Structures are given as structure tokens and as C-alpha cells.
Amino acid sequence: MMSSTQYSGDLQTRMCSITLPILRKLPRSVKLPRPPRGLRLIHLAAAVGYTRLVLLLLKFPELAECDPCSLDDMGNNALVWACAGGHTSAIYVLLTCCPQLRGSRDGWGRPLKEVYNSSVVHMKDNTAARTIQLYYRTYKQKKLHAAATRIQSRFRTYKQQCNFEQMRRAVVIIQQSYRDHMKTKEVAAKTIQRCWRQTAATQKQRHPIGLASSTGFY
């Protein structure tokens, strides 16, 4: 029974911890079914560059899953997969432990150096493409942010102008109402004065002496 500490660490360490007891218990005469596309465990480990897992599998060369010389359905062995992935550490381990793989070719008949160079160029192109995409996304985000900022600024300016226009209209309405009110008061005062004058003139005509004495003119 393995302890939980054996499963700690990165993925490669965990895979090694899980694979080792399985390979030890696996009978040497067992014949496992052929995997899909003929990709055995050592092919997959070399393709992803898991060097420690490749070293572990090379300790069990009698098993088909661990045989570095086994070919997949495309005619590629573990060293070809390591070259295709550009994993120099896995390539070094396979060439050191399995010198018979030095003259290997891939399923299209290309030598290992050409496979490795094409993978390196592909990785550089892929890195360049990712860098361009990153810069483009950053540029696009900056453009979108600037556009959003301008839109917000213009909207705020428009809203302020609308509020100012509404306030100006309200002030104009208030001023007009006040002027109308003052005109009404002025008209009322003039009406009162005219009525009083008319009343005073009428009384003066009727009682000139009494009105004069009451007003203190005599």
C-alpha cells in the first residue's frame, strides 16, 4: 500500500509513483491489447518530454508498453516522438540508453535531425504567433478601453449638457413666471390707484368742503 506522500508533487512525479508498482506487479508474459493508433506508454512519455518517466519505462524493456523500439501505426518510435516534440532531455536519455535508435526515421522517411529541426521551427513559429496574438489582444484591449473611456466621457458631457439645458429652461420658466406675477401685481396696484382716484374725485365733486376739511387742506 502506497502512502499519500508518494502522490505529491508534479504530474510526472505522480505518474512515476503510480506506474512503478503497476509495472512491478505486471507479469512479463502478459500480452496487453494494442492501444489506439499503436501509441504505447513510452511513446506518450517521450512525446510530452517526461524524462523521468522514460527512464522508469526503460527499466522494463521486456514489456511492449516500455519497448523503445516499438513502432506505432505511423511507423514512429519513442525517439522520433521525442524529436518531434523538441524535448532534448528525452532525446539524450533515449540515445544514451538505446544507441540502436540512432539511425531511426519517422513514418515519412525523414531522419531524426530533420524531424527535430522542423519541430524547433514549428515551436518558434508557434511562440511568435502566440506573442503576436498576445500583443494584438493587448492592443485591442487598450483600444477598446480607450474607446469606452471616450464614450463614457462624451456621455457624461452630454448628460451634463442635458442637465444644464434643463436647469436653464427651468430658470427661464421661473423668471417668466415671476415677471408675469410682478406684472399682475403692478396691474392690480394701478387698478387700485385708479379706483381710489376715481372715488376721491367723485366725493370731491359731491362734498368739496367736507372733503377738503377732512383732508386738512383748509
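The values are calculated or read from the model by the stated rules, or taken from the named source; none is laboratory data. The model shown is predicted, which means the values in this text are computed figures rather than measured ones. We place every Cβ from the backbone using ideal geometry, glycine too, and count neighbours over all the protein chains shown. SASA here: full protein model, heavy atoms, side chains in, ligands and nucleic acids out. Shrake-Rupley method; radii C 1.70, N 1.55, O 1.52, S 1.80 Å.
How big is the shadow of the Cα convex hull of the chain, averaged over all directions, in nm²?
So the mean shadow area of the Cα hull is 31.1 nm².
How would you order 198-204, 91-97 from highest to lowest mean count of nearby Cβ atoms within 10 Å?
91-97, 198-204
Could you size up the charge dipole of region 1-99 around its Cα centre, putting +1 on the beta carbon of Lys and Arg and -1 on that of Asp and Glu, and report it in debye to the nearest 20?
300
State the percentage of accessible surface on the chain attributable to carbon and sulfur atoms; use a 1.4 Å probe and exclude ligands, DNA and RNA.
That share works out to 60 percent.
Lys pairs in the chain, Cα-Cα under 26 Å, at least 8 apart or on separate chains: how many?
7
Which whole-number percent gives the relative contact order of region 1-118, counting Cα pairs below 8 Å spaced six or more residues apart?
Rounded, it is 21 percent for region 1-118.
Please name whichever of CYS195, LEU94, ALA46 sits farthest to the positive end of the charge dipole of the chain, dipole taken about the Cα centre and charges placed at Cβ: Lys and Arg +1, Asp and Glu -1.
Towards the positive end, the residue furthest out is CYS195.
From the helices alone, meaning DSSP H stretches of at least four residues, give me the mean residue ellipticity at 222 nm for the chain, per-run term -39500 (n - 2.57), in deg cm²/dmol to the nearest 500.
-24000 deg cm²/dmol
First check a/c for region 4-71, with a ≥ b ≥ c the square roots of the eigenvalues of its C-alpha gyration tensor; if it is under 1.5, answer rounded, and if not, answer prolate when a/b is larger than b/c or oblate otherwise.
Oblate, because a/c is 1.5 or more while a/b does not exceed b/c.
What accessible area per residue comes out for the chain, rounded to a whole number of Å², with a 1.4 Å probe?
Ligands and nucleic acids excluded, the figure is 75 Å² per residue.
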